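I have placed the structure first, in the form of structure tokens, so that the comments after it can refer back to it.
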Amino acid sequence: MGFIKLLKNQHPDLPYLDVISKELDQLKFRITQFLHTSKMNTVFETKNEDITINFLLEEVMDFLYPSIVDGNIQIISNIEEDIKINGDRNELKQVFLNLLMNAVDAVCEEENERRINIDTEAGFDQITINVSNNGSPLNPDAIEYIFEPFYTTKKLGTGIGLFVCKNIVEKHKGKIHCFSKDHLTTFQITLPIKKNES
């Protein structure tokens, strides 16, 4: 990745560098998932901070922008502003990256309109985040086992991503669920809101 950055600086017009850089970023993300899984039962440092949800989601969408454009995908977002949670930024970013990457993969199998919805709803003490896509619906068996390690519905899937998501969300005192029907599959996350101290 370092040498790709050097090449970009020295030869900015060299073709395919952006493609290589994007693929390396996604590979790094996959490797991080495996490392996180291997550390699941060990004690490792967590860096908690106050995180504004809409900024975190925008950061994730910016990271996936090339895949969204390449796939001709429509993103419809309705994200409440200034809602804060407390947690590890990198871990929570990994959760939403995973869900959105899965959504991109799901809708890219569709020939017609490809759509991903991101909605948030804030309650008194928690925020609900829904990531939905209009790809093929999952069957009930898949939904039952989808958060189990090494279970996957994709030809080249690892079965690690959603297992890691579930563990991270639960570590942050939240919950994650999956619903799928009528060409709309939704992953729903609830997390406690950071309260303003008076």
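So that you can scan it fast, the table gives a plain yes or no per residue for (1) among the hydroxyl-bearing types (Ser, Thr, Tyr); (2) under 30 Å from Asp18 (Cα atoms):
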residue	(1), (2)
Asp82	no, no
Arg89	no, yes
Val107	no, yes
Arg114	no, yes
Gly123	no, no
Asn139	no, no
Thr152	yes, yes
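Hey, among the residues in region 55-104 that are under 18 Å from Asn130 (Cβ atoms) and among the charged types (D, E, K, R), which one's surrounded by the fewest Cβ atoms within 10 Å (Cβ to Cβ)?
Ranking the candidates gives Glu81 first.
Out of all the residues in region 84-122, which are over 19 Å from Cys178 (Cα atoms), free of Cβ contacts under 8 Å to residues at least 60 places away in the same chain and in contact with a strand residue (DSSP E or B) (Cβ under 8 Å, 6 or more places away or on another chain)?
Arg89, Glu113, Arg114
Out of all the residues in region 46-54, is one or more among the hydrophobic types (A, V, I, L, M, F, W, C) and either in contact with a strand residue (DSSP E or B) (Cβ under 6 Å, 6 or more places away or on another chain) or modelled with pLDDT of 90 or more (or both)? If you could, list the steps in order and put the result at the bottom.
Here is the first cut: in region 46-54, the residues among the hydrophobic types (A, V, I, L, M, F, W, C) are 51, 53.
Restricting the remaining residues to those that are either in contact with a strand residue (DSSP E or B) (Cβ under 6 Å, 6 or more places away or on another chain) or modelled with pLDDT of 90 or more (or both) gives 51, 53.
Yes.
Pairs under 6 Å by beta carbon, first residue at negative phi and of a type in the set (Lys, Arg) in region 177-198, partner assigned to a strand (DSSP E or B) and at pLDDT 85 or above, six or more apart or different chains?
Lys194/Asp50; Lys194/Lys84; Lys194/Ile85; Lys194/Asn86
Give the number of residues within region 98-135 that are small (Gly, Ala, Ser) and touching a helix residue (DSSP H, G or I) at 6+ places or on another chain (Cβ under 7 Å).
Going through region 98-135, the residues small (Gly, Ala, Ser) turn out to be 103, 106, 122-123, 132, 135.
Add one more test, that the residue is touching a helix residue (DSSP H, G or I) at 6+ places or on another chain (Cβ under 7 Å), and what stays is 135.
So the count comes out to 1.
Exactly one condition in (1) within 21 Å of Leu57 (Cβ to Cβ); (2) crowded, with 17+ Cβ neighbours inside 10 Å; (3) modelled with pLDDT of 85 or more is false for Gly161; which is it?
(3)
Collect the residues in region 165-174 that are more than 15 Å from the chain's Cα centre (by Cα) and without any contact (Cβ under 8 Å) to a residue 60 or more places away in the chain, keeping them in residue-number order. Full working, then the answer.
Looking only at region 165-174, we keep the residues that are more than 15 Å from the chain's Cα centre (by Cα), and these are 170-174.
Glu170, Lys173, Gly174 - these are the residues of region 165-174 that are more than 15 Å from the chain's Cα centre (by Cα) and without any contact (Cβ under 8 Å) to a residue 60 or more places away in the chain.
The values are calculated or read from the model by the stated rules, or taken from the named source; none is laboratory data. These numbers come from a predicted model, not from an experiment. Neighbour counts run over all protein chains shown; Cβ positions are idealised from the backbone, glycine included.
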